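Worksheet: one structure, shown below.
The values are calculated or read from the model by the stated rules, or taken from the named source; none is laboratory data. Values in this document were obtained by computation on a predicted structure and should not be read as measured data. Note that each Cβ is placed from the backbone with ideal geometry, even for glycine, and that neighbours are counted across all protein chains shown.
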Amino acid sequence: MITAERKPLEELIEYVRPFKRILLVGCNECVTVCSAGGRKEVGLLASGLKMALMQSGRNIEIREHTLERQCDPEYIDELVSMIDGVDAVMSMACGCGVQEISRRFKDRPVFPAVNTKFMGASERQGVWAERCQGCGNCLLGVTGGICPIARCSKRLMNGPCGGSVAGKCEISQDVDCVWQLIWDRFKELGLEENYLNIIPAKDWRSATGGGPRKIIREDLAA
Amino acid sequence: MENFEPTIVAFCCHYCAYTAADMAGSQRLTYPANVKIIRVPCSGKVDALHIVKAFEKGADGVYVAGCLDGDCHFKNGNNRASRRVEYVQKYLDEIGIGGERLEMVNMSAGMGYRFAQIATEITEKIRKLGPSPIHSMIGASCPANSDLTA
């Protein structure tokens, strides 16, 4: 999922301070799973913003709604019936959702309520870790299902650096050395000889190095 | 403010805290009428939103009362509640209400005296802290306030 964390409340208060009525929109997908921007968090933020602004004598009306997701225009259409009289919109979705709302409602300022972090998975309840950086040319098939691009601090492609000590990365004791993990996985799979296969220098044009990316499915696009 | 009577909401778990409140009643122990009890099946059922909404509706103080550590009827609901209360305390600081207005307490079902004692202590603590910072905006005559004082 795409993980995110709510922005500090003081930043959000400053965004909404000038307005009388705002629409606070949550998303039922990734940000719900990482407890940052789902229906519950929308309720919490609306209540918090109201109470914070009350203390400076301002009454703000906050309409709350949570969409199934905000990255498809069909879902954003649901907001059309709620947007009348609203001065500004705040979205608790990831950056994709905020921009889609901004694209749809060009005449109203749109603010993000969360900082979008990374593509990751749950390690255990309440803990999410980065797993994928969308490099565009997945090599998980040759690294035992563990990604050295997302999980190696230096994105090394052919084994650990000298900073790998006791299975940990030199940047922090909390970060595993991914090449240690890959080697251990090869051993579990009985594929140690795969470790000797050299992965050539990566062509980063399929990643962010090539500029903003787009996928067009000719069979689906009108 | 003179004669300020705080409004305190106590989320009490059915198995321990609510039973303790009941015991306080049978033992005729007095505790301040400021405390409004909400029975929940487990303190772990209390959500951050319940707590924050209580403050939004005019509570001056809130506490979550669960079983003693290790004795939760649902294994570790009271531990979850504890962690959740800490999280909401930080949020209340951010909002400006103040995390000191929220507390997590533990007791067993037989501790009627402890229920009464905690209710009294927390009422006094909140009385000293004064009304909630949003008190003047929601006002004495506002319907939201009457939800709790009725």
Conditions (1) surrounded by fewer than 16 Cβ atoms within 10 Å (Cβ to Cβ); (2) farther than 19 Å from A:PRO109 by Cα; (3) more than 9 Å from chain B (Cβ to nearest Cβ) -> A:GLY57 fails only (3)
Within the range A:10-31, the residues that are charged (D, E, K, R) and within 14 Å of another protein chain (Cβ to nearest Cβ) are A:GLU10, A:GLU11, A:GLU14, A:ARG17
If you go through B:VAL64, B:VAL52, B:VAL85, the only one that is out of contact with any His (no Cβ under 8 Å at 6 or more places or on another chain), crowded, with 16+ Cβ neighbours inside 10 Å, farther than 19 Å from B:GLY112 by Cβ and more than 10 Å from chain A (Cβ to nearest Cβ) is B:VAL85
Considering the range B:128-150, residues that are in contact with a strand residue (DSSP E or B) (Cβ under 9 Å, 6 or more places away or on another chain) and modelled with pLDDT of 85 or more, and then whichever is surrounded by the most Cβ atoms within 10 Å (Cβ to Cβ), we arrive at B:SER132
TODO: Might you let me know whether the range B:59-69 holds any residue that is of a type in the set (A, V, I, L, M, F, W, C), within 23 Å of A:GLY38 (Cβ to Cβ), under 11 Å from the mean Cα position of the chain (by Cα) and assigned to a helix (DSSP H, G or I)?
DONE: no
For the range B:122-150, pairs from a residue that is at positive phi and within 14 Å of chain A (Cβ to nearest Cβ) to a residue that is modelled with pLDDT under 95 and part of a helix (DSSP H, G or I), with Cβ under 9 Å and 6 or more apart or across chains, are B:GLY139/B:ASN145
Restricting attention to the range B:94-112, the residues that are part of a helix (DSSP H, G or I) and surrounded by 15 or more Cβ atoms within 10 Å (Cβ to Cβ) number exactly 5
Just one listed residue, out of A:LEU156, A:LEU140, A:LEU181, is of a type outside the set (Gly, Ala, Ser), free of Cβ contacts under 8 Å to residues at least 12 places away in the same chain and more than 30 Å from A:LYS40 (Cα to Cα), and it is A:LEU140
If we keep only residues of the range B:70-81 that are part of a helix (DSSP H, G or I) and surrounded by 19 or more Cβ atoms within 10 Å (Cβ to Cβ), then the residue farthest from the other protein chains (Cβ to nearest Cβ) is B:ASN78
Among the residues of the range A:115-130, is there at least one that is surrounded by 14 or more Cβ atoms within 10 Å (Cβ to Cβ), among the β-branched types (Val, Ile, Thr) and farther than 25 Å from B:ARG84 by Cα? no
Item to complete: Determine whether A:GLN133 is polar (S, T, N, Q) and in contact (Cβ under 8 Å) with a residue 60 or more places away in the chain.
Response: yes
